[in-house]
1. Where the accessible area of the range 1-111 is counted over protein heavy atoms with a 1.4 Å probe, how much of it, in %, is carbon and sulfur?
2. Need one number: % antiparallel among DSSP beta bridges in the chain, to the nearest 5.
3. Quick one: compute the contact order of the range 71-198, relative version, from alpha carbon pairs under 8 angstrom and 6+ residues apart, as a percent.
4. Rg over Rh of the chain, using C-alpha atoms and the Kirkwood radius, what does it come to?
5. Within 10 Å of each candidate Cβ there may be at most 13 other Cβ atoms; applying that plus a DSSP loop requirement, which GluC sites (Glu not before Pro) in the range 268-356 survive?
6. Counting only heavy atoms of protein chains, what accessible area per residue, in Å², does the range 311-359 have with a probe of 1.4 Å?
7. Please list Cys380, Cys299 in order of solvent-accessible area, largest first, computed with a 1.4 Å probe with all protein chains present.
8. Defining a contact as two alpha carbons under 8 Å apart and six or more residues distant in sequence, what relative contact order in percent does the chain show?
Amino acid sequence: MADRVTVIGWDGSPLTAAARSALGAATLVAGAAHHLALPEVPDGAERIRLGSVDLAARRIAGHRGSAVVLADGDPGFFGVVRTLRAPEHGLEVEVVPAVSSVAAAFARAGMPWDDAQVVVAHPRTLRRAVNVCRAHPKVAVLTAPGAGPAELALLLEGIHRTFVICEELGTDREEVTVVTSDKAADHMWRDPNVVIVVGGAGGGPAPGGSWIAGREPAFPHSVRGWALPSPAYAEGAATAAGHRGEGGSPPLRALQLARLGPRVGDLVWDIGCGDGALTVEAARFGAAVIAVDADPAACARTDAAARRAGVQVQVVNGRAPHVLERLPEPDVVRIGGGGAEVVTACAERRPERIVAHAATRDRAEALCTALAAGGYAVDCAFVQAVDLDPQGWSERERSVVFAVSGSQPDRAP
């Protein structure tokens with residue numbers, strides 16, 4: 001094992017005395033090509049071009065002497081430190097930090113970033129990174145080859161955002177470009193780069209200023225809880241009157257949200273969004289949501305509910321299943337309106353979870369059959385909710401539905 005392992009962050013500024021000292025004593029230096037070309041790297045040191053950090057860690061573990069790993073930005077922030085310290089390598093490291101590329105990017109843009117989401121995009125996680133950009137008004141994306149600004153823009157088709165693209169930060173070739181997302185796919189961008197994605201409704205610090213990094217939970221700050229009555233999502237109780245949505249009672253909505261489990265990085269389809277209550281609540285969990293309804297009035301209500309709640313959703317007016325063909329791949333789907341034909345179309349897109357409901361047993365059986373035919377493990381519950389007046393304990397409203405859900409067996413937790 002190496003006698004000493006030092007990880008040095010580099011942000012383009014002159015190396016600190018501690019970094020120069022560690023490099024001067026190094027017998028092995030790992031880093032990218034521009035790191036290995038630094039004049040402070042000793043001529044006699046073994047040099048490792050840093051591609052796979054795991055391979056470099058194994059080489060360092062077998063080295064006798066002092067090893068240095070050079071990395072861009074802060075190596076402890078989505079950097080090499082985590083891999084080097086992994087149990088399988090057994091390396092104890094000293095870290096000489098630098099300004100992270102995310103902090104540098106926001107500084108170049110002149111923007112605060114305590115309210116930003118930060119994600120890493122490479123080919124395997126690109127879709128989830130895009131979903132975060134759909135759902136949040138300020139996101140910093142640490143990109144990789146094959147998952148850069150152009151790829152982000154292509155997957156955000158139909159969603160307007162502004163890109164602040166920071167190329168080769170800290171070098172002589174540093175460049176900062178501001179473009180709209182529909183133009184970003186028309187250019188070739190140099191690696192490494194960081195993309196700040198901003199736009200959409202909502203966001204901003206809470207009254208009195210921020211107290212936690214990243215965006216705070218959405219919705220007016222006086223509101224607490226989930227599965228709220230429909231008027232909580234409308235411009236007023238009168239606006240929501242008569243528009244509960246299909247089977248949209250709060251108890252059923254709570255059950256559907258529990259089955260869906262929407263989370264940051266997910267894309268939720270809410271088909272038959274009705275009053276937009278479930279759309280808004282799924283977005284409050286941090287998921288990206290596409291709300292679909294054949295009724296233009298329902299789309300307008302959902303859009304208004306999302307704006308009032310301070311969440312970002314995409315509303316699509318169209319009839320399922322045909323309108324679903326042009327939508328991006330979902331992680332989970334809630335079907336608030338539509339029969340077995342819609343369930344079958346959704347199952348063909350292979351989301352992890354599908355939830356639906358039916359007013360009769362025959363319709364519930366048809367939904368269950370469609371889910372099972374699509375390869376899903378099926379669960380069905382008979383749900384009865386009675387809304388009572390606590391003053392006289394009289395019944396105000398009753399809801400009786402069959403709640404149906406399907407999950408992919410190979411993807412179940």
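The values are calculated or read from the model by the stated rules, or taken from the named source; none is laboratory data. This structure is a prediction, so every number in the text was calculated from the model and none was measured. Neighbour counts are summed over all protein chains in view; Cβ atoms, including those assigned to glycine, are modelled from backbone coordinates with ideal geometry. The accessibility values were calculated without ligands, DNA or RNA, using every heavy atom of the protein model including side chains. Shrake-Rupley method; radii C 1.70, N 1.55, O 1.52, S 1.80 Å.
1. Values: 2850 of 5420 Å².
C and S fraction of accessible area: 52 percent.
2. Values: 37 of 75 bridges.
The antiparallel proportion sits near 50 percent.
3. The value is 23 percent.
4. That ratio is 1.08, to two decimals.
5. Here the GluC sites (Glu not before Pro) that fit, given the DSSP loop and packing criteria, are Glu348.
6. Working: 1960 Å² over 49 residues.
Heavy-atom SASA per residue in the range 311-359 reads 40 Å².
7. Final ranking, largest accessible area leading: Cys380, Cys299.
8. Reported relative contact order: 11 percent.
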